[in-house]
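To keep things clear, I will list the structure first and then write my remarks on it.
The values are calculated or read from the model by the stated rules, or taken from the named source; none is laboratory data. Note that the structure is predicted; figures quoted are calculated from it, not measured. Quick reminder, even Gly has a Cβ in these numbers, built from the backbone with ideal geometry, and neighbours come from all protein chains shown. The protein model used for the area step is the full one, side chains on, heavy atoms only, and it has no ligands, DNA or RNA in it. Shrake-Rupley method; radii C 1.70, N 1.55, O 1.52, S 1.80 Å.
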Amino acid sequence: MRLLFDDITGKTQHYTINDTHWFPVGDAGLLLAATAHLSVSRYDQETIVVKGQLDGVRETVCDRCGERAEVKLHSVFEYQVTTRREEVSELRDVECCEDDAVTLHLDEPVVEIDDILREQAYLAVPLQTLCREDCKGICAGCGTLLNKEPCSCGPDTGNSPFAVLKKISKR
């Protein structure tokens, strides 16, 4: 979805997007469903404000056991989108303020809403994905899925360099 600056007036415009055409199909993990609610308003002649909320469900694999997992995504966001030239001084370390983090500088007065939604979907993905909170993972020895059946490995043979510590802890 593309929004032209000229189409955005002083009155707030609301949009609802109920599909996932903006999410890449070949991505690692499929976005099954998503709904985005957006409000767009003009701040000044060169700047508009895009506020929104993205809710969705992503299909991926569990980080512990490798089984299929569905993850709920939720993101609330706000961007200031401007056609003003970004003030860039020489390349050096500069402390950014919060306004710098939410400001998009564009070369032309067209806002690509699909890019914003895609970015928010990626940012909403948790660092660790589990099929369930108490996932036991897989056995490192025999590869058994511990959520489905107990491990068939024998007792630890003590070949680990940490086996000495186990003997100390039994005293």
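Select from region 1-22 the residues that are under 15 Å from Glu119 (Cβ atoms) and modelled with pLDDT of 85 or more and write down the one among them that is least open to solvent (accessible area, probe 1.4 Å).
Going through region 1-22, the residues under 15 Å from Glu119 (Cβ atoms) turn out to be 1, 17, 20, 22.
From the residues that got through so far, the ones that are modelled with pLDDT of 85 or more too are 1, 17.
Values: Met1: 62, Ile17: 17 Å².
Of everything passing the filter in region 1-22, Ile17 is least open to solvent (accessible area, probe 1.4 Å).
What about Thr144, is it open to solvent by less than 60 Å² (accessible area, probe 1.4 Å), more than 28 Å from the chain's Cα centre (by Cα), more than 30 Å from Leu3 (Cα to Cα) and modelled with pLDDT of 70 or more? So that I can check it myself, show each step before the final result.
Values: open to solvent by less than 60 Å² (accessible area, probe 1.4 Å): yes; more than 28 Å from the chain's Cα centre (by Cα): yes; more than 30 Å from Leu3 (Cα to Cα): yes; modelled with pLDDT of 70 or more: yes.
Here the answer is yes, as Thr144 does meet what is asked.
Here is a list: Thr83, Thr103. Which entry is in contact with a helix residue (DSSP H, G or I) (Cβ under 9 Å, 6 or more places away or on another chain) and either surrounded by 15 or more Cβ atoms within 10 Å (Cβ to Cβ) or modelled with pLDDT of 90 or more (or both)? Write out each step before concluding.
Working: Thr103 fails: in contact with a helix residue (DSSP H, G or I) (Cβ under 9 Å, 6 or more places away or on another chain).
When all the criteria are applied, what remains is Thr83.
Given (1) touching a residue at least 60 places away in the same chain (Cβ under 8 Å); (2) not in a strand (DSSP E or B), where does Leu3 come up short, assuming only one miss?
For Leu3, the failing item is (2).
Return only the number of the condition from (1) modelled with pLDDT of 90 or more; (2) open to solvent by less than 40 Å² (accessible area, probe 1.4 Å); (3) farther than 16 Å from Val61 by Cβ that Cys139 does not satisfy.
The one condition Cys139 does not meet is (1).
Search region 133-153 for residues being touching a residue at least 60 places away in the same chain (Cβ under 8 Å) and in a loop (DSSP other than H, G, I, E, B), and hand back the single one that is nearest to Val76 (Cα to Cα).
In the first step, residues of region 133-153 are kept if they are touching a residue at least 60 places away in the same chain (Cβ under 8 Å); the result is 135-138, 145-147.
Then drop every residue that is not in a loop (DSSP other than H, G, I, E, B), which leaves 135-137, 146-147.
Values: Cys135: 29, Lys136: 32, Gly137: 32, Leu146: 36, Asn147: 34 Å.
The selected residue is Cys135.
Under 6 Å between Cβ atoms, which residue pairs at least 6 apart in sequence (or on different chains) link something in region 55-81 that is in contact (Cβ under 8 Å) with a residue 40 or more places away in the chain and within 17 Å of Gln128 (Cα to Cα) with a partner that is surrounded by 14 or more Cβ atoms within 10 Å (Cβ to Cβ) and hydroxyl-bearing (Ser, Thr, Tyr)?
Thr60/Thr129; Asp63/Thr129; Ala69/Thr60; Ala69/Thr129; Val71/Thr129
Could you tell me which of the residues Glu133, Glu112 is within 20 Å of the chain's Cα centre (by Cα), farther than 30 Å from Val49 by Cβ and of a type in the set (D, E, K, R)? Please lay out each step first, then the result.
Working: Glu112 fails: farther than 30 Å from Val49 by Cβ.
Selected residue: Glu133, the only one of Glu133, Glu112 that is within 20 Å of the chain's Cα centre (by Cα), farther than 30 Å from Val49 by Cβ and of a type in the set (D, E, K, R).
Output the residues belonging to region 16-27 that are under 17 Å from Glu78 (Cα atoms) and in contact (Cβ under 8 Å) with a residue 60 or more places away in the chain.
Filtering region 16-27 down to residues under 17 Å from Glu78 (Cα atoms) leaves 16-17.
Correct list: Ile17 only.
Looking at (1) more than 30 Å from Leu146 (Cβ to Cβ); (2) open to solvent by 90 Å² or more (accessible area, probe 1.4 Å); (3) at pLDDT 80 or above; (4) under 17 Å from the mean Cα position of the chain (by Cα), which is the one condition that is false for Val25?
Against the list (1) more than 30 Å from Leu146 (Cβ to Cβ); (2) open to solvent by 90 Å² or more (accessible area, probe 1.4 Å); (3) at pLDDT 80 or above; (4) under 17 Å from the mean Cα position of the chain (by Cα), Val25 comes up short only on (3).
For region 34-59, which positions are open to solvent by 20 Å² or more (accessible area, probe 1.4 Å) and under 13 Å from Arg118 (Cα atoms)?
Thr35, Gln53, Asp55, Arg58, listed by residue number.
Name every residue in region 60-72 that is open to solvent by 10 Å² or more (accessible area, probe 1.4 Å) and within 21 Å of Ala124 (Cβ to Cβ), in order of residue number.
Taking region 60-72 as the starting set, the residues that turn out to be open to solvent by 10 Å² or more (accessible area, probe 1.4 Å) are 60-61, 63-68, 70-72.
If the condition is that a residue be open to solvent by 10 Å² or more (accessible area, probe 1.4 Å) and within 21 Å of Ala124 (Cβ to Cβ), then Thr60, Val61, Asp63, Arg64, Arg68, Glu70, Val71, Lys72 are the ones that fit.
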